[in-house]
Amino acid sequence: MIEAQNLTKTYGAKTAVNDITFTVRPGIVTGFLGPNGAGKSTTMRMIVGLDRPTHGSVTVNGRHYADHSSPLHEVGALLDAKAVHTGRSAENHLLALAATHSIPKRRVHEVIELTGLQSVARKRVGGFSLGMGQRLGIAAALLGDPQTLILDEPINGLDPEGVRWVRSLVRSLAAEGRTVLLSSHLMSEMAVTADHLIVLGKGRVIADAAVADVIGGAARASVRVRSPQASVLASTLASPDVTVTHVEHDLLTVTGLDAGAVGDLAARSGIALHELTPMNASLEEAYLQLTNDDVEYRTGSSARDLEVTR
């Protein structure tokens, strides 16, 4: 279990993490989300003792990370897959980590097999692809068979098979009763992997709830409507609380009414419908709505922003 109480981190005048309190519980996969600059990386670094909180505290399995006599047996972390001596082989890197905790050599071989590194185990890490580097980072996190896992962007650089493997891995670890904190920018993957979400925005917790509750609370469901009288239907449905978007000449997306209400209005107006399909809100839509006011770094809104002055 990971417990943060009033956790705060400042760098001079910059507040990276602002008085956040949360609990990551065992037995479920907790997704850790937020825009760039929201404070996720700083929070994870404080959990494993790489940064010292300015105020507040965070514990893993009831103790501060530095107070654990054998931290690799308590928490495994993948924060930076590139934090490896590039001249070492994958096997030697893991053996060196294992030696710090008297972890037997057979465990090194177990995590190499588990992460699919057998064919490259004796090759230098400097020649690894991004995906292989991620697998090595996951192997290191699993080395001590810890009860708590912290994985920052573990599927970055992985192929579809690797993504599916990570999804299965974290789900199985949670099913064993372990605590899993998973960070990713891929909302589609988080939607099918995580049970619970903690969302940061500008250093604060802006959501701490089950995935279904985050989607239901931050995004309104839409209805896909096809009609030969689409323009007339759009005028009929128009109101301050309803948004109607023309997708094609005969196809609308309606937000703010459910399928039954759209069908009833169309029937009363004598408008024929060729399609009426409820569209559930996605995690991506919910996330974007939830964090809209907390995005620190925005891209330009038009091609003009990309022009080069000569």
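Points to keep in mind about this one:
- Checked against a 25 Å cut-off, the cross-linked pairs Lys14/Lys82; Lys14/Lys40; Lys40/Lys105 give Cα-Cα distances beyond that limit for Lys14/Lys82; Lys40/Lys105.
- The chain - share of DSSP beta bridges that are antiparallel (%, nearest 5): 70 percent
- Note on Glu113, Glu161: ascending count of other Cβ atoms within 10 Å places them as Glu161, Glu113, the fewest first.
- Förster radius 22 Å - calculated FRET efficiency between Ser269 and Arg224 (Cβ-Cβ, nearest 0.05): 0.75
- Relative exposure of Met46, Met132, Met1, judged by other C-beta atoms within 10 Å (fewest first): Met1, Met132, Met46
- In degrees, nearest ten, helix 130-142 long axis to first principal axis of the chain (Cα): 60 degrees
- Karplus (6.51, -1.76, 1.60) ³J(HN,Hα), θ = phi - 60°, over the stretch 165-174, in Hz, Gly and Pro reported as x: 5, 4, 4, 5, 4, 5, 5, 5, 5, 5
- Put in line by how crowded their Cβ is, counting other Cβ atoms within 10 Å and starting with the fewest, Lys9, Lys105, Lys202 read Lys105, Lys202, Lys9.
- Calculated on the alpha-carbon coordinates, the convex hull of the stretch 220-280 measures out at 66 cubic angstrom per residue.
- Taking every alpha-carbon pair in the chain and binning the separations at 20 Å intervals from zero gives 28, 46, 22, 4 percent.
- Radius, Kirkwood style, for the stretch 43-132 when every pair of distinct Cα atoms is counted (Å): 14.8 Å
No value in this document is a laboratory result; all are computed from the given coordinates. Because the structure is predicted, anything quoted here is derived from the model rather than measured. Positions of Cβ are generated from backbone atoms using ideal geometry, with glycine treated the same way; all protein chains shown enter the neighbour counts.
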